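The values are calculated or read from the model by the stated rules, or taken from the named source; none is laboratory data. Note that the structure is a prediction, hence the values are computed from the model and not measured. Don't worry about glycine lacking a Cβ; one is built from the backbone with ideal geometry, like all the others, and counts go over all protein chains shown. When the accessible area is computed, the model is the full protein with side chains, heavy atoms only, and any ligands, DNA or RNA have been set aside. Shrake-Rupley method; radii C 1.70, N 1.55, O 1.52, S 1.80 Å.
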Amino acid sequence: MNVAIVKYNAGNIRSVINALQRLGVEPVLTDDAELLRRADRVIFPGQGEASSAMTYLRERGLDHVIKNLTQPVLGICIGMQLLCRHSEEGDTDCLGVFDAEVKGFTPTPSQGGGEAIRLKVPQMGWNTLEPRETWLGDGGYAYFIHSYYVPLCKDTAAVTEYGIRYSSALHKDNFYATQFHPEKSGSVGEQIIRNFLCL
């Protein structure tokens, strides 16, 4: 299977490559439009900042390429957020695949009004998934690190709670996305990647 990973100015790409290699897949890391169009599956991963990431994609014409792909595409973490319409992070217009607004978590002070924070931002660590679609398996724990989130919407494929209930996965047509990192989520995440490769 020909799997392409979108190359842009985002971190955490190596762990995605390693996860695919563990499954016997040797992916291609590329920003070449034709290679992305020809791939059987495309993964759009990363950690980073929305406005600089979108600037990079637009300068290389990758914004048009990604949103017009017709094969299964998996956005991960900021990849999921960039597939949405707009992000509060840097007041950034994104790709618009999902008609959703990415919002920032608000730290919650302790009831005593002190310096302690009950809801820490970013959310970092393990949290539960409530899947609504079979490609996400039976749920369980997944690994998250993010300061921004997608509210519940018509494309919500899984729900997680962190102060509020929000979309921890999205799905529309051939576009799939996870806020969590399946490549860092043990057997739960490995099964999700397997399921995506079989779509």
Discussion item. I'd like to check one number: the per residue accessible area of the range 13-73, probe 1.4 Å, reported in Å² as a whole number.
Written reply: 47 Å²
Practice prompt. Would you please name the GluC sites (Glu not before Pro) within the range 36-107 that are DSSP coil residues with at most 10 other C-beta atoms within 10 Å of their C-beta?
Written response: none
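With a sphere of radius 10 Å drawn around the Cβ of ARG85, what net charge do the other residues whose Cβ falls strictly inside it have (Lys, Arg +1; Asp, Glu -1)? Walk me through the numbers on the way to the answer.
On the way: positive: none; negative: ASP93, ASP99, GLU101.
Net of charged neighbours comes to -3.
Taking square-rooted eigenvalues a ≥ b ≥ c of the alpha carbon gyration tensor, is the range 54-93 rounded, prolate or oblate, where a/c under 1.5 means rounded and, failing that, a/b exceeding b/c means prolate? It would help to have the intermediate numbers written out before the result.
On the way: a/c = 2.20, a/b = 1.28, b/c = 1.71.
Oblate, since a/c reaches 1.5 and b/c is not below a/b.
Please give the length that would be gained between MET124 and ASN9 if that part of the chain were fully extended, namely 0.36 nm times their separation in residues minus their C-alpha to C-alpha distance (nm, one decimal). Mind dumping the intermediate values first?
On the way: separation 115, 0.36 × 115 = 41.40 nm, distance 2.15 nm.
Extending this stretch completely gives an extra 39.3 nm.
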Discussion item. List the trypsin sites (Lys or Arg not before Pro) within the range 1-110 that DSSP assigns to loop and that have no more than 15 neighbouring Cβ atoms inside 10 Å.
Written reply: ARG60
Practice prompt. Sticking with the crude label model, points 7 Å out along Cα→Cβ, report the distance from ASP93 to ARG165 in nm, one decimal please.
Written response: 3.4 nm
Worksheet item: Using 1/(1 + (r/R0)^6) with R0 = 30 angstrom and r between the beta carbons of ARG22 and SER147, what's the FRET efficiency to the nearest 0.05?
Response: 0.55
Practice prompt. Give the long-range amide H neighbours of ALA157: residues separated by 5 or more places, or on another chain, with amide H under 5 Å away, using H modelled in the peptide plane at 1.01 Å from N.
Written response: ALA169, LEU170, HIS171
Fill in: Calculated Rg and Dmax of the Cα atoms in Å (choose from (i) 16.2, 57; (ii) 16.0, 51; (iii) 21.9, 68), label
(i)
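Sort the range 124-191 into rounded, prolate or oblate with this rule: let a ≥ b ≥ c be the square roots of the eigenvalues of the Cα gyration tensor; rounded if a/c is under 1.5, and if a/c is not under 1.5, prolate when a/b is larger than b/c, oblate otherwise. Each step should come with its number before you reach the end.
Numbers: a/c = 1.56, a/b = 1.06, b/c = 1.48.
Oblate is the answer for the range 124-191, as a/c is 1.5 or above yet b/c matches or exceeds a/b.
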Discussion item. What FRET efficiency comes out for ARG60 versus ASN195 if R0 is 35 angstrom and r is the Cβ-Cβ distance? Round to the nearest 0.05.
Written reply: 0.70
Worksheet item: Going through the range 145-199, which trypsin sites (Lys or Arg not before Pro) have at most 12 other Cβ atoms within 10 Å and a DSSP loop state?
Response: LYS154
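Can you give the % of DSSP beta bridges in the chain that are antiparallel, to the nearest 5?
Working: 28 of 44 bridges.
DSSP beta bridges in the chain are roughly 65 percent antiparallel.
Show that you can apply the helix-only estimate: for the chain, add -39,500 (n - 2.57) for every DSSP H stretch of four or more residues, divide by all residues, and state [θ] at 222 nm to the nearest 500. Mind dumping the intermediate values first?
Details: 6 runs with 49 residues, N = 199.
So the calculated ellipticity at 222 nm is -6500 deg cm²/dmol.
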Worksheet, complete the sentence: Quick calc: nm separation of the 7 Å Cα→Cβ label points for ASP138 and ASN2 -> 3.7 nm
Response to the item:
Extension length gain for ASN174 and ASN68 (0.36 nm per residue less Cα distance), in nm, is 37.1 nm
Worksheet, complete the sentence: With bins of 5 Å, the percent of all Cα-Cα pairs of the range 1-75 per bin from 0 is 3, 17, 28, 26, 17, 6, 1
Worksheet item: Between the range 180-197 and the range 8-37, what is the C-alpha centre distance in whole Å?
Response: 15 Å
